[in-house]
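I have placed the structure first, in the form of structure tokens, so that the comments after it can refer back to it.
Each value in this text was obtained by applying a stated rule to the coordinates, not by laboratory testing. This structure is a prediction, so every number in the text was calculated from the model and none was measured. When we count neighbours, we look across all protein chains shown, and the Cβ atoms used for this are built from the backbone with ideal geometry, even at glycine.
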Amino acid sequence: MNTLAVQFLDQSDRYRWRACSRQGTWLSPSVEGSLDELVAVADGASLCLLLDGSDVLTRHLHFSAAEKKHLARLVPFELESVVAADISSLHVALAEPDGLTVTAAYLDKTMLRKLVEPLERAGLWVDRCYAIPHLLQADHRHWHMNIRDNNRVDLAWGQQATTVAADMLQVAIAALLTDVPGPLPEQITVSASQESTTQAVQSILNELLVDCQIDVVRLHDPWDALQPGISSAINLRQGAFAAPVRWQRLWKPLKMPAMASAAAVALFALSAAVEIQVNSSRFDRLQQQIETAYRRAVPQGMLVDAEQQLTAQIRQFRGGGNQSGLMPVLSAVAPVLLQYPQIDTHRLNFSAAQGELQLAVTAASNAEILTFTDALNESGLTAQARNISSAGDRQQASLLISGRGL
């Protein structure tokens, strides 16, 4: 997968980018455009964010062998005495140690965050971040100056680098020659895409460095002198600003939708639980009402399932198939009973299994009971008078009436 080197320009929402291989070879000319255009071009490529060297300062520090293990925590305290800003507001990144020395690069945290976050919100993956002059090939004896088309001059020497305005170059080089320890450079390479600017810089260098060899390189693209794959460059994506791993990059744009979905699921579960509780209370009240209604109809006996038991009893009373129900038998008994007002009924039981109606009756005499029994038989029923006995001045009997065939 290729990489896009990207620089935020001072203009509003304008970027410059250029494609390069993972090894640092440029693949196309640099292009300027908006963030939306950059997103369209990126197409899943990782980004190498380039910062102006004036925003990233470097310092060469010494440490002891015992301190090497804790360099990441030690260096900010070492810088605290030499920087004017509050050290807590700075992001510090380290180069690979060289013996017992290390080069530290530091810049404002807020500025770095403002550059990285818009790209990540747009779904781009910024896995590396360098100061532009750190991508120039240079060492202590061979310096490199790269003049960009906005009159910014990138200057690299060893692992240290900076960016200055072209009109401040003479002052900056004079100060640098005073502060840099060791011998002066033997060679300086000046690269630029415009010949007029190289002549002015070459004149300054010839005045300050009489015995130094000045090589001028003409560029077709302002970034031709940069080497994104250079190993000595300090990757600023360290510590709190370390690039997220691949799954974190994929997860980040999904984080808010996932949280919203989780909140929606939790809200749905809560509303479902409340609804279940409400329905459960309604069901309990309904069950109590059903049981109360059942006990009005059937005061005695075991209650298991009121609805099922009542349904079964009603089915038995109605009859069906080979069984005579209560209602057909009562329909046949009632007309006969109306013809004998002298017969009093006291209790009624019905056996659905046998299809028999047991009727407890009383009359003034046994003859009236037997006459009523004969009338039932003549109506198509099968009736038998049993347990005829006296009850005071009246006679009582239990009539067993079968309605089979009705």
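So, R0 is 56 Å and r is the distance between the beta-carbons of Glu37 and Phe283; what FRET efficiency does that work out to, to 0.05? Mind showing how you got there, number by number?
Values: r = 62 Å, r/R0 = 1.11.
Efficiency for this residue pair is about 0.35.
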Above 40 Å lies some portion of the pair distances; for the chain, what is it as a whole percent of all C-alpha pairs? 52 percent
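For Ala122 and His346, what does the FRET efficiency come to when R0 = 56 Å and r is the distance between their Cβ atoms, rounded to the nearest 0.05?
Working: r = 94 Å, r/R0 = 1.68.
My answer for the efficiency is 0.05.
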Counting alpha carbon pairs within less than 8 Å and at least 6 residues apart, what relative contact order, in whole percent, applies to the chain? 11 percent
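Let me spell out the model: positive unit charges on the Cβ of Lys and Arg, negative unit charges on the Cβ of Asp and Glu, origin at the Cα centre of region 326-403. What dipole size does that give, in debye rounded to 20?
180 debye
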Let me spell out the model: positive unit charges on the Cβ of Lys and Arg, negative unit charges on the Cβ of Asp and Glu, origin at the Cα centre of the chain. What dipole size does that give, in debye rounded to 20? 1980 debye
Where labels lie 7 Å past Cα in the beta-carbon direction, separation of Gln238 and Arg59 in nm: 1.4 nm
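Below 13 angstrom from the Cβ of Ser34, what's the summed charge of the other residues (Lys, Arg +1; Asp, Glu -1)? If you can, show how the numbers build up before the last one.
Numbers: positive: Arg14, Arg16; negative: Asp13, Glu32, Asp36, Glu37.
The answer is -2.
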Of all alpha-carbon pairs in region 250-318, indicate the percentage at a distance above 21 angstrom. 55 percent
Can you pull the three principal axis extents for the Cα set of region 326-403, in Å, largest first? 35, 22, 16
In nm, give the distance between the simple-model label positions of Arg295 and Ala269, each being 7 Å from the Cα along the Cα-to-Cβ direction. 4.0 nm
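Over region 22-135, calculate the relative contact order: mean separation of alpha carbon pairs under 8 Å at least 6 apart, over the residue count, as a percent.
On the way: 117 pairs, mean separation 45.8, N = 114.
Normalised by residue count, the contact order of region 22-135 is 40 percent.
Expressed in nm to one decimal, what extension gain is obtained for the pair Ala174 and Leu74 from 0.36 nm per residue of sequence separation less their Cα-Cα distance?
In short, 32.9 nm is gained.
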Relative contact order (percent) for region 326-403, with alpha-carbon contacts under 8 angstrom and 6 or more residues of separation? 31 percent
Where in region 206-226 is the amide nitrogen less than 12 Å from a point lying 7 Å along the Cα-to-Cβ axis of Gln137? 225-226
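How much FRET efficiency would the formula 1/(1 + (r/R0)^6) give for Ala200 and Ile230, where r is the Cβ-Cβ distance and R0 is 25 Å, rounded to 0.05? Walk me through the numbers on the way to the answer.
Details: r = 27 Å, r/R0 = 1.08.
Once rounded, the FRET efficiency stands at 0.40.
Mind putting a number on the dipole of region 104-231 about its Cα centre? Charges go on the C-beta only, +1 for Lys and Arg and -1 for Asp and Glu, and I need it in Debye to the nearest 20.
Working: 9 positive and 16 negative charges, 94 e Å.
The calculation lands at about 460 debye.
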Which percent of the Cα-Cα distances in region 105-239 go past 23 Å? 37 percent
